[in-house]
Structure formats: structure tokens, C-alpha cells
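Data first, discussion second: the structure below is written as C-alpha cells.
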Amino acid sequence: IPSRCPRGHSPSHKDFDGLWARCEEAGLPILFHVGGEEKMNSDFARNGGPLQPDWLGGAENFTALSFVCIPNSVMQTIAALIFDGVLDRFPSLKFGAIELGASWVPSWMRWLDTAQDAFRREERVQRLSARPSEIVQRQFRVTPYAHEDIGWIIAQAGDQVAMFSSDYPHIEGGRNPIKRFEASFAAAGTPAEARRRFYRDNFVDLMGRGLAEDLRAPANLTGA
């Protein structure tokens, strides 16, 4: 579903509880993908100089500047779902952000905890079952781009949140994403268990009953 806010109401509106309940009962996740976010205001591209070409030469004009805002909508949407109690009402329901990057996640998790501390008198904040960062670890999964420092992300956010994605055959997946992720793991000294969670277990956890049983933990494969 789109990560941008619907018109006239929050994505956490109680009228959506029927949808969340049905997905939780079915064991299926809710996914957000790049393209469904609120776009950067086009006025930012009007800087008095020539228009920056799209990195792939396309018409969407996807640039370094527009890239930095792609997770904004999903950050706000998941925050609303956490603080308004949706994830607590449906504790088995999983959400995923696909191809929206992951380097933003650690500071966002800390920011959510900071909001809980600063606004601790709000009744909805007091009703939360855990720290917002712990709820993120429990129910939210993200896929980093191959150029991101996955070792650092896992060290800061915990090994429950990030999961592998190559976006093959699209060029943004890189020519050898596993090599790049492995280099980051080596530099960070990421434990083998955390690597396994990244390559397989977190995806299996996210997909729930949407993943065929014979793909969950086949002995001859290291990835789902």
C-alpha cells in the first residue's frame, strides 16, 4: 500500500482495523515500496541552475536530492501506527519497507523513543506495550540498498530489522550486492547469526504464511 498519508485521515484510523485484522489472521504482511511515498516538492529542483538529469536518464528526475526524502512518508506512517496503538492491537502483524533504504532506521528508532520520553503524558504513549524502538524490532522490516553500510545499520538497529534485497535485474541493485554487504559485515565484525537473519530469517519472519513451507529453511540453501 502507499506509504503516503491518505487524504482526510490518518493511516492509523480505527476504521482500518478490519483490514489489519484480516491480514494478521491470514499471516500476511503489509508492504510499502518506493513510488508510493509523498514526492519531494518539485520547487526544490528550481535552484537557479540547470536541471539535474535523472541518474538513469529517465523522465522521473530521480536525483540525489529527491533520494534523501523517499523514507519520509514511511517514517511518519509507521510512527502513527505505533503511537496510535495499531501495532499493539495487532502484535503479530508485520510491516515492511521495500526499496526505501535502511540507513535512516537507527536514528528514526531513537527519535521515536525520544518522542515517547518527551510526550510521556499522552495517554496513547502511556498505553504502548514497549518502547517504540522495540515495537519496530518486533514488527517492522526494511531492505537496504547495496551501497548502504549494512554492518553499521544492524549494529545500531538490532539484527531483527534489516533483510537482504538485490532488486535484480534493476541496475540499482548493483552488480554484486552480496559482495558489498559481505564487505560491510566484515568491517563491522557482524556475527554469523545476524548475517543469517539478514539473508534469510527476517524475510521468513516478515512473510509469515505467505511463504511456502518448503522455502522456509531448506537445508541446502542459505537464503530464502
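The values are calculated or read from the model by the stated rules, or taken from the named source; none is laboratory data. Owing to the predicted nature of the structure, the values given are computational and were not obtained by experimental measurement. A quick note on method: Cβ atoms are made from the backbone with ideal geometry, for glycine too, and the neighbour counts reach across all protein chains shown. We work out accessible area using only protein heavy atoms, side chains counted, and drop any ligands, DNA or RNA first. Shrake-Rupley method; radii C 1.70, N 1.55, O 1.52, S 1.80 Å.
Would it be correct to say that residue 15 is without any contact (Cβ under 8 Å) to a residue 24 or more places away in the chain and part of a helix (DSSP H, G or I)? Steps first, please.
Working: without any contact (Cβ under 8 Å) to a residue 24 or more places away in the chain: yes; part of a helix (DSSP H, G or I): yes.
Spelling it out, residue 15 is indeed without any contact (Cβ under 8 Å) to a residue 24 or more places away in the chain and part of a helix (DSSP H, G or I).
Regarding residue 214, is this residue modelled with pLDDT under 95, surrounded by 15 or more Cβ atoms within 10 Å (Cβ to Cβ) and over 13 Å from the mean Cα position of the chain (by Cα)? Let's see the steps before the verdict.
On the way: modelled with pLDDT under 95: yes; surrounded by 15 or more Cβ atoms within 10 Å (Cβ to Cβ): no; over 13 Å from the mean Cα position of the chain (by Cα): yes.
For residue 214, the condition - modelled with pLDDT under 95, surrounded by 15 or more Cβ atoms within 10 Å (Cβ to Cβ) and over 13 Å from the mean Cα position of the chain (by Cα) - is not met.
So which residues in the stretch 70-97 are assigned to a loop (DSSP other than H, G, I, E, B) and either open to solvent by less than 20 Å² (accessible area, probe 1.4 Å) or in contact (Cβ under 8 Å) with a residue 60 or more places away in the chain (or both)? Talk me through it step by step, then tell me what you get.
So the first thing to find is which residues in the stretch 70-97 are assigned to a loop (DSSP other than H, G, I, E, B), and the list is 70-71, 84-85, 90-94.
Across the stretch 70-97, the qualifying residues are 70, 71, 84, 85, 90, 92, 93, 94.
Answer with yes or no whether residue 174 is farther than 28 Å from residue 54 by Cβ, more than 13 Å from the chain's Cα centre (by Cα) and small (Gly, Ala, Ser). Reasoning before the result, please.
Values: farther than 28 Å from residue 54 by Cβ: no; more than 13 Å from the chain's Cα centre (by Cα): yes; small (Gly, Ala, Ser): yes.
Taking the combined requirement at face value, the residue does not satisfy it.
Name the single residue, out of those in the stretch 157-191 being part of a helix (DSSP H, G or I) and open to solvent by 80 Å² or more (accessible area, probe 1.4 Å), that is modelled with the highest pLDDT. Spell out the reasoning first.
Within the stretch 157-191, the first condition is being part of a helix (DSSP H, G or I), and the residues that meet it are 157, 171-173, 177-188.
This time we only want the ones that are open to solvent by 80 Å² or more (accessible area, probe 1.4 Å), so: 171, 178-180, 187.
Details: 171: 78, 178: 94, 179: 95, 180: 95, 187: 98.
For the stretch 157-191, the residue satisfying everything is 187.
Can you pull out every residue in the stretch 6-44 that is exposed (fewer than 13 other Cβ atoms within 10 Å of the Cβ), small (Gly, Ala, Ser) and under 23 Å from residue 212 (Cα atoms)?
26
Within the stretch 98-117, track down each residue that is within 14 Å of residue 144 (Cβ to Cβ), in a helix (DSSP H, G or I) and of a type in the set (A, V, I, L, M, F, W, C). First the steps, then the outcome.
The first filter runs over the stretch 98-117 and keeps only residues within 14 Å of residue 144 (Cβ to Cβ), leaving 98-106, 108.
Subset that is in a helix (DSSP H, G or I): 105-106, 108.
Across the stretch 98-117, the qualifying residues are 105, 108.
Residues in the stretch 6-39 that are touching a helix residue (DSSP H, G or I) at 6+ places or on another chain (Cβ under 7 Å), closer than 21 Å to residue 143 by Cα and hydrophobic (A, V, I, L, M, F, W, C): how many?
3
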